[in-house]
Amino acid sequence: PAAFAIISGGQRAVLNAVQSMCHGYGIQPIAALQKPLRLGHLAELLSLAGNIVETEAHPASKLPEFTLDEILHAVRARQFEPAYQPKISLRDGRIVGAEALARWRHPEHGLVPPAAFIGPLERHGHIDDLTFLMLDKAAADCSRWRSEGRNYSVSVNLSLSSLADTGLASRICGAVHDAGLDIQ
């Protein structure tokens with residue numbers, strides 16, 4: 001049997017709603033936690049799932065700080081890539097898709113988590129630059145997987161600030177179509 005937790009950067013009300021929906025479908029998550037996760041939260045989750053973790057904390061406050069120009073340069077240089085989080089069928093445990101999570105492969109700092117770049121991009125109105133880079137890369141990967149006989153779906157996260165764009169759906173459909181995928 002699978003144990004799972006709901007973990008999101010969304011507001012607590014959203015987490016509570018998702019948790020309630022799970023209960024309505026007879027699914028019992030072990031927790032619903034907000035990002036950023038602290039090591040203690042992760043250790044508690046793993047303990048609840050029957051595992052134990054022993055490691056040193058790596059606080060979010062130790063993340064390098066980047067200027068907006070550095071981040072935008074990295075977007076233009078396509079240094080961001082999707083890290084895929086699998087979507088697992090709770091019914092039979094098989095992989096049915098993936099969520100593409102943005103990670104920055106920085107030439108000096110290695111893999112940089114989203115806490116270091118999402119905020120500045122959203123505050124300055126450039127989050128769609130990253131969103132469409134991630135969408136292009138995720139759609140290309142999805143297309144390749146399907147050509148290999150793996151019929152996975154792929155999700156790409158959108159910023160709430162992007163939803164005000166009335167042309168967003170058309171732009172997304174165009175990117176998916178350009179990758180040779182059907183829109184579902």
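In table form, for the structure just shown:
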| quantity | calculated |
| --- | --- |
| DSSP-assigned coil residues among GluC sites (Glu not before Pro) in region 55-156, each with at most 15 further Cβ atoms within 10 Å | Glu56, Glu65, Glu108, Glu148 |
| Candidates Leu160, Leu130, Leu101, ranked by Gaussian network fluctuation over the chain, Cα under 10 Å, top entry | Leu160 |
| Total charge dipole magnitude, the chain, about the Cα centre, Cβ charges on Lys, Arg, Asp, Glu only, Debye to nearest 20 | 380 |
| Options Gly149, Gly26, Leu133, ranked by Cα towards positive dipole end of the chain, top entry (Cβ charges) | Gly26 |
| Radius 15 Å from Cβ of Gly174, net charge of other residues (Lys, Arg +1; Asp, Glu -1) | -4 |
| Electrostatic dipole magnitude of region 119-184 [Cβ: Lys, Arg +1; Asp, Glu -1; Cα centre; debye, to 20] | 160 |
| Highest-MSF residue in the chain out of Phe66, Phe132, Phe80 [GNM, Cα springs under 10 Å] | Phe66 |
| Given the chain, longest segment not containing exposed loop trypsin sites (Lys or Arg not before Pro) (DSSP; at most 15 other Cβ within 10 Å) | 95-149 |
| Option label - semi-axes √(5λ) of the Cα gyration tensor in Å computed here, alternatives (1) 23, 19, 15; (2) 34, 18, 12; (3) 27, 24, 17 | (3) |
| Fraction of accessible area attributable to carbon and sulfur, region 89-179 (%, probe 1.4 Å) | 51 |
| Spin-label pair Arg150/Asn16, simplified geometry with 7 Å Cα→Cβ offset, distance in nm | 3.9 |
| Cα gyration tensor, region 110-184 - rounded (a/c under 1.5), prolate or oblate | oblate |
| DSSP H segments from the chain that extend 20 Å or more along their own axis, Cα-based, with Kyte-Doolittle mean of -1.0 or above | 127-147 |
| Share antiparallel - DSSP beta bridges, region 58-161, percent rounded to 5 | 75 |
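The values are calculated or read from the model by the stated rules, or taken from the named source; none is laboratory data. Owing to the predicted nature of the structure, the values given are computational and were not obtained by experimental measurement. A quick note on method: Cβ atoms are made from the backbone with ideal geometry, for glycine too, and the neighbour counts reach across all protein chains shown. In case anyone asks, the SASA skips ligands and DNA or RNA and just uses the protein heavy atoms, side chains included. Shrake-Rupley method; radii C 1.70, N 1.55, O 1.52, S 1.80 Å.
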